[in-house]
Amino acid sequence: DHPSSFIVKNSVGEIDYLAEKITKMSCRITHLVNQVYKAEIKRKDAQIEALISQINPHFLYNTLQLIKTESIKGETEEVRDTINCLSCFLRYTIDNKKLYVTLAEELDYIRAYMEIYRKRFPGKYTLLIHMEEEVQDNIIPKLTLQPVVENAVKHGMSKKNGPGVIQITVTDGPDLMVVIEDNGVGLDDRSLENLVQRIHNRDYTGSHVGLQNVQERLELDGGGDYGIVKMESAEGEYFKVYLRVKKGIKHV
C-alpha cells in the first residue's frame, strides 16, 4: 500500500548492512596492520640483536695488543684502566637482552670506546659531550649514537693529520635533538648528496652502513619524523649529523 515507505526501510537496511561490513573490514585492516607492525618490530629487534652480537675483531685485537704493550712497560694503572674500558665495551655490546638504555648508559659506552682510541693514539682523539644533567635518564634505543661516533672515527678522524675532536651535543625539548660533529676530513658536496640519497633509499651497499642502521632504528621507534634529520659537511673541515630521538620510549 505504501511503496515509498518500503523503499525507505529497504534502503535503511542496506545502509546498516554496508555499515556493518565496513566496520568489520576496518577492524580486519587494523588487525592486519598491527600484525605487520609487530612482525616488523620483531624483525628489527632481531637485526639489532645480531648487530649487538657482532664485536669488531680488529678493535678487540688492537685493544688486547694495547694491554700487552702497557703490561710490558709496567704501566699497571694504564693496564687497569684499559681493561676497565674493554670490560665496559664488552658488557654493553654482548648484552643483547637489553635493547633500550638510558642516554647516560649509551654515553658511558661511547666514553669507554673513545678512551681506548685515545690511549692507542695519544693526542689524536678528544671527545666532548655537552648536555644538561636531567636529560641523561631519557630512554633511547641501544647503539643509536655509538655507530655515528664510530663513523666519525673511521671515515673522518682516522684519515685526518693531527689531533681531532668529536663533539656530542644533546638538547632537550619535545624530542631529544642530538648533534654529533667531528673536525675530520669531511665529505665533498657530491659524496654528501650521495650518502643522503643512500640513507633515504635504504641502500646498504658501500660505506657508512652504521648511519643507515641508526636511521632505520630511530624511524621505527618514532616514525618518519625521527632519525637523521640533517647532515652537513665541508671537505677537509668537518662532518655533522643531526638526530631527532623520540622521548617517552617505554621499553627498557
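Observations, loosely collected:
- Matching residues, the stretch 66-90, being polar (S, T, N, Q) and exposed (fewer than 15 other Cβ atoms within 10 Å of the Cβ): 71, 76, 84, 87
- Options 26, 87, 5; residue that is outside the structural domain of residue 154 (by TED's automatic domain parsing) and modelled with pLDDT under 65: 5
- Filtered by the rule that a residue be in contact (Cβ under 8 Å) with a residue 40 or more places away in the chain, small (Gly, Ala, Ser) and closer than 23 Å to residue 233 by Cβ, the stretch 121-158 gives 152, 156.
- Any chance residue 207 is assigned by TED's automatic domain parsing to the domain that holds residue 135, over 28 Å from residue 138 (Cα atoms), within 18 Å of the chain's Cα centre (by Cα) and surrounded by fewer than 19 Cβ atoms within 10 Å (Cβ to Cβ): yes
Each row is one residue, and each column tells you yes or no for (1) over 24 Å from residue 63 (Cβ atoms); (2) surrounded by fewer than 19 Cβ atoms within 10 Å (Cβ to Cβ); (3) at pLDDT below 90.
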{"position": "92", "(1), (2), (3)": "no, no, yes"}
{"position": "96", "(1), (2), (3)": "no, yes, yes"}
{"position": "125", "(1), (2), (3)": "no, no, no"}
{"position": "137", "(1), (2), (3)": "yes, yes, no"}
{"position": "142", "(1), (2), (3)": "no, no, yes"}
{"position": "145", "(1), (2), (3)": "no, no, no"}
{"position": "156", "(1), (2), (3)": "no, no, yes"}
{"position": "171", "(1), (2), (3)": "yes, yes, no"}
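- Qualifying residue in the stretch 184-201 (condition: assigned to a strand (DSSP E or B), at pLDDT 90 or above, surrounded by 14 or more Cβ atoms within 10 Å (Cβ to Cβ) and touching a Phe, Trp or Tyr at 6+ places or on another chain (Cβ under 6 Å)): no
- Counting only helices (runs of 4 or more DSSP H) that sit wholly inside the stretch 52-169, those with at least 2 residues that are of a type in the set (S, T, N, Q) are 57-72, 76-94, 146-151.
- Checked against the criterion of being in contact (Cβ under 8 Å) with a residue 60 or more places away in the chain, farther than 18 Å from residue 114 by Cβ and not hydrophobic (A, V, I, L, M, F, W, C), the candidates 213, 161, 194 yield just one match: 213.
The values are calculated or read from the model by the stated rules, or taken from the named source; none is laboratory data. Just so it is clear, the model here is predicted, and its values are computed rather than measured. Positions of Cβ are backbone-derived with ideal geometry, glycine not excepted, and every protein chain shown enters the neighbour counts.
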